[in-house]
Amino acid sequence: MDRKNYDNSLLRQSLRLEEYVNIVYRNVLPQVNKIPVKEIWDAQKIFITGCGDSWLAGIAAKPAFESITKKETYAIRAIEFSRILNNKNLGYSPNTPLVILISFSGTASRVIEGAKRAVEHGANTIAITANPDSPLAKTCHHCIDVGLPKDGEYQPGLITYNASMLTLFMIALRIGRVRNSITPLEYESMHKELLDYTSRCQKEVEGYAERAFEIAQKWKDLKAEDFIGDYADFATAYFGSAKVIECFGGYTTYDDSEDWCHINYFLLEPEKIGRVVTVNKTTPSFGRVLETIDAVKILKSPCMIVTDANKSEFPEDMEVFTVPSAKYFWMHPFMQHIPFDLVAGYIGELKGVKSFRQDDPKYNTDICNNRLKSGTEIKII
Amino acid sequence: MVYIKEFRLTTGRDSLQKITAEINETVKESKITNGTVIVETAHSTAGILKVTSFGEEVLEDIVKEMRRIVPARINYIHQDSPENAAGHIKSSLFGSSLSLIVKDGRLLCEGKQEICFADYDGPRERTYSVCVMGE
Amino acid sequence: MNHNDYNSPLLEQIRNSVKDINTIAENETFELFEKCVPEEVALKAGNIFITGCGDSYCAAIAAKPVFENADTSTKTGMVPGTPTQAFRNIEFSRYFNTYAGWNPLILGRNLLCVISISGSPARVNEAAIRINEHGGTSVAFTCNPEGKLAQNCKYVIPMTLPSYDLAPNVTSYYSSMFSLMMFGFYISRVKKQLSEQQAVACREGLLEYVNSYDEKVMERLSVQAFELAKKWEEDGVDNMDFVGDGPDYATAFFGSAKMVEAFGGLTTNDDSEDWCHINFFIKDSDHIGTFIIANEDSPAFSRELETVKVAASIRKHVAVISDADPSIFPENVEVFSIPKARSVWMHPLMEHIPMDFVAGYIGCWRGRAPFRKNEEPYCEDNDAKRFRNSKIEII
Amino acid sequence: MAYMETIKLHTDYQGMHDVTGEVQDVVKKSGIEEGICVINCNHTTAGIIITSFWDKRGHVDFQEELDKLIPMRYDYLHDFDTPTDAAGHIKSAICGTGMTLIVHEGKAMLGSSQGVLFCEFDGPRDRKFFVKVIAD
């Protein structure tokens, strides 16, 4: 089989990732530097919210916020933020908390609803969007336009995921710089490493594609994919599962390394379930994940591992993608989603399925098409 | 005759680092016996100071006093970090260059006097230049 | 065969649940909490964390609003309680405040509730030791007052459960939830956020809700679940998707876990908003069973209703658990009507019952032992290896 | 005899709010002719002062001068909340959070230019203060 015949959007996007990261970096830098100093100091807590991939970008960036700004940071589901979260969390002190809302279209109802609620209760709001004229951008106090070229290919989301994460990292760095919780030296070095790390990983993508294609051929008829990841790596796990669903509508499930041992371990026909584990040697739960991988081995499930650790740490018959180590641990989720994205992209092509069920009219009705925007009522609680 | 040399250093937070030895060395290298020395840094949040040092505590007093005069407020109009905004002002107020006299191959510097590199927004990688002029 | 002809330890637990909660409640009075956790400890609790593995984590999510809003008798006019967070066990043990650092000013005001029936998993003990080392207070909710967890915690709430043969556990879930909620009332009472009478009313309201699942309701839910399970089995449903928001996410998570434990079924879960962004696109829409929890009092109800309509337009097998008028849902949706509760936070205690029944019946038909105890490669010793003897690391 | 009232207000960022009218109203409502009037707020980043109420620009000067004395620097040892908050604590302590006035002939005795001002050192926030009138 010739890999060239199975070109797909996720592959094309990942091959141009460095180029796009640089565009976003250049666009975002002057904008984050305008976030007022007083507001940064006023932010006693930080909330990051969004739907789907945007929420995951928040989870992925949470360790960056915690370690750089030293502030309590919550990555929260859009519906939890707009409907469930206790009012007490909003506006108890001027400009607090700082709420970062992500939506590239700027039209997702739930995110607009969250922004309106935050503004009404006296919190400070920053929108991350590709549309500075959107309702979201207009609702928030500040807007950061990621400046992605209009004609790019962004579906299923990959570049957008990285753009959200990059912008979040840069906001964290701005806060860290203003609050002096990182030194100017660290600030410069972290900024540089963002681009250097991207560049180092970009060089590996062709190689990943080769291996991803092999795995895709083996995995295309599996019953499901099961993802395991802790904390920030949970975002990578969840993101992988979302790509499976978007690319070919496959069955997926996900959990953290501890709860997996209590629940998903018991899934039937383990040999027909592909397990995908993301872990890094610096993560506090590295030891726990290794134990979990031993349990995966007992089940004889096909397993791929994305890590910066040495291949020898893991059982021999598992597919280990050793990706470059980032100088700062919190950067890993920025690039580690790519190996599995490529697998998902190739499986979609091998199955001959269109992404987002475009080939099925059932998914193309008014009720389906309006489900995120006009089909959902905005309520301020 | 003119002799110019550039130096690099890594600073700390609120650091005053003595650079007298480097300047003396440069004067010696320049073989100039009578003339002037200019020490200058091109950074906007750093400075060159001449201080009389009876010990490290004196340097600490200077740093503290500068912070009192120019506090790292959060409401400067310049919206970089408070440390940076205050640093710009300290750099302008306290100077970023210094002229000294060389006589008979030696700096005219009293025994306890030291030339210091001050970083108001460190730690960072910094540079400064020493220029010796004369004959 | 009739639904009542099927029997398993799981079904037995479900059928006895109302009776069992009442028995548990007899034991767990305010006096018990007063005896186990002195008032000054409760008074000092400025931040409450709740953690546990699997079902216990679900119970934590469900009980969180009770701690956060002291006046739980009304829908929205909530009296502030104590800031509370529910954590995945691994996140509390290894990640919480690892990067941001612990705030020295409030170290002593942190109180952790750790839930584990057996008290033996390594991770729950790790959490307890960690909070102790950071100057906080640990409270164990366990049935094993001599066990490891009880030894590692400063205070112990002894729970007593009716015993059943090995099966996916439902009893442990609602009993941990009930104990946590009682503990929440107790703390609010000590802090005078609730008066003596209000605290008692909260407890009574909760039991009243439990008892509203009388024999008739249970019979109806059982029959409905039986028919639904039969239909889903006949139609070859091979994946289940669970949707819930806020405390109801606990039910969604719990339901999905029961299917895995009972018969190894493939499951996934999400909230009603993100479902529209992601799980909406799962391809084989004729073979997915979808459970959506949509209670009328939930602040997310309008979104849940929209999501039900979207799901019903693409999927054949959609079931809703709701206390709302069934006629507001699309016709092709199976609505499990549950009793109304005095307040919305009470629902998680009982609303999982229809899902449990489905798990129970399918479990009977598929003939798989719970947790596949008799099958290779899922052999018994693995529990010890997988979570009891996992290495404890304190961060 | 004594009479007390709680007065609520919504402040602006570093706002100066003239509350003389509110205080005189309470005195009037109390029906007390001769006695004292105690004013106090229970906030740590707000203060209550007496100053000339005529020119609002003078109030801006007041905040600016106070800001020079007690700058909102970020390196206070008390860094639990924000620099505004840390400086606010000191400003509030220096200004005081309340005062006692003499009630004579049914009115709090104030000079023709004197006004009672509620000073916000953080804000915007929901604030309140208490006025108690006690008869001789």
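Bear in mind these aren't lab numbers, they're just calculated from the coordinates by the rules spelled out. Nothing here was measured: the structure is a model prediction, and the numbers come from that model. FYI the Cβ positions are ideal-geometry reconstructions off the backbone, even for glycines, and counts take in every protein chain you see.
Structural remarks
- Here the protein assembly as shown has an Rg and Dmax of 32.5, 115 Å, counting Cα atoms alone.
- Within chain D, the proportion of Cα pairs with more than 17 Å between them is 59 percent.
- P(r) tail fraction, region A:3-202 - alpha-carbon pairs more than 31 Å apart, %: 15
- Point-charge dipole on Cβ atoms (K/R +1, D/E -1) for the protein assembly as shown, about Cα centre, debye to 20: 1620
- Sum of -39500 (n - 2.57) over DSSP H runs of 4+, divided by residues of chain C (222 nm, nearest 500): -13500 deg cm²/dmol
- Check: region C:215-372 dipole with +1 on Lys, Arg Cβ and -1 on Asp, Glu Cβ, in debye: 440
- Residue-count net charge about D:Leu9 - beta-carbon cut-off 12 Å; Lys, Arg +1, Asp, Glu -1: -1
- On the beta carbon distance between C:Glu31 and A:Glu72, with R0 = 51 Å, the FRET formula returns roughly 0.90.
- Partner chain coverage, peptide C:257-269 - average Cβ within 10 angstrom: 5
- Taking Cα atoms only, the orientation of helix D:56-69 departs from the longest principal axis of chain D by about 50 degrees.
- A simple spin-label model places the labels of A:Phe356 and D:Glu105 8.0 nm from each other, with each point 7 Å out along Cα-to-Cβ.
- Projected over every direction and averaged, the convex hull enclosing the alpha-carbon atoms of region C:215-372 yields 8.6 nm².
- Cross-link reach is defined here as a Cα-Cα straight distance under 14 Å, omitting same-chain residues fewer than 8 places apart; for B:Lys28 the aspartates and glutamates meeting it are B:Asp104, B:Glu135.
- For region C:322-395, the spread of Cα positions along each principal axis, largest first, Å: 50, 41, 18
- Cα gyration tensor shape of region A:248-330, rounded if a/c is under 1.5, else prolate or oblate by comparing a/b with b/c: prolate
- Residue order, fewest to most surrounding Cβ atoms within 10 angstrom, among A:Leu166, A:Leu56: A:Leu166, A:Leu56
- Region A:205-357: translational diffusion in µm²/s, Stokes-Einstein, Kirkwood Rh over Cα pairs, 4 °C, 1.567 mPa s: 85
- Among the listed pairs B:Lys64/B:Lys90; A:Lys34/D:Lys56; A:Lys243/C:Lys230, those beyond 21 Å (Cα-Cα): A:Lys34/D:Lys56; A:Lys243/C:Lys230
- Global geometry of region A:207-253, whether rounded, prolate or oblate, following the gyration tensor of its Cα atoms and the 1.5 cut on a/c: oblate
- B:Ile69 versus D:Ser113: modelled label distance in nm, points set 7 Å from Cα along the beta carbon direction: 3.5
- Shielding by partners - mean other protein chain Cβ count within 10 Å, residues of C:188-201: 0
- Along principal axes, Cα extents of region B:31-108, largest first, whole Å: 50, 28, 14
- Taken about its Cα centre, region A:240-381 carries a charge dipole of about 400 debye when Lys and Arg each add +1 at the Cβ and Asp and Glu each add -1 at the Cβ.
- Taking Cβ atoms as reference points and 10 Å as the exclusive limit, the residues near A:Val32 contribute a net charge of +3, counting Lys and Arg as +1 and Asp and Glu as -1.
- Cα-derived Rg to Rh of region B:2-134, Kirkwood definition: 1.01
- Helix axis angle, B:20-30 relative to chain B longest principal axis, alpha carbon, degrees: 40
- Largest-first principal axis extents, alpha carbons of region A:1-105, Å: 60, 33, 27
- In degrees, nearest ten, helix A:286-299 long axis to first principal axis of chain A (Cα): 40
- Legend: ranking of residues C:Trp232, C:Trp102 from fewest to most surrounding C-beta atoms inside 10 Å; resulting order C:Trp102, C:Trp232.
- Column: log10 I(q)/I(0), Debye, Cα scatterers of region A:135-202, q = 0.27 Å⁻¹: -1.22
- Neighbouring Cβ atoms from other chains, within 10 Å of the Cβ of residues in A:59-71, number 2 on average.
- Here is the size of chain C from its Cα atoms: Rg then Dmax, 20.6, 64 Å.
- Sites C:Gln151 and A:Glu271, calculated FRET efficiency, Cβ-Cβ separation with R0 51 Å, nearest 0.05: 0.80
- For the pair C:Leu107 and B:Ile77, a Förster radius of 45 Å applied to the C-beta separation gives a FRET efficiency near 0.70, rounded to the nearest 0.05.
- Taking a sphere under 15 Å around the Cβ of B:Cys109 and counting the other residues whose Cβ falls inside, with K and R at +1 and D and E at -1, yields a net charge of +1.
- Here the simple spin-label model places points 7 Å from the Cα toward Cβ, and for B:Ala21 and A:Arg26 these points are separated by 4.5 nm.
- Relative to the 2.2 N^0.38 Å rule of thumb, region C:154-202 has a C-alpha radius of gyration ratio of 1.45.
- Per-selection Rg to Rh, chain A - Cα, Kirkwood hydrodynamic radius: 0.96
- The calculated 222 nm mean residue ellipticity attributable to helices in chain A amounts to -14000 deg cm²/dmol, summing -39500 (n - 2.57) over DSSP H runs of n ≥ 4 and dividing by all residues.
- Listed pairs A:Lys70/A:Lys311; A:Lys218/A:Lys362; C:Lys64/C:Lys148 exceeding 28 Å between Cα atoms: A:Lys70/A:Lys311; A:Lys218/A:Lys362
- Cβ-to-Cβ counts within 10 Å put C:Glu12, D:Glu33 in ascending order as D:Glu33, C:Glu12, the fewest first.
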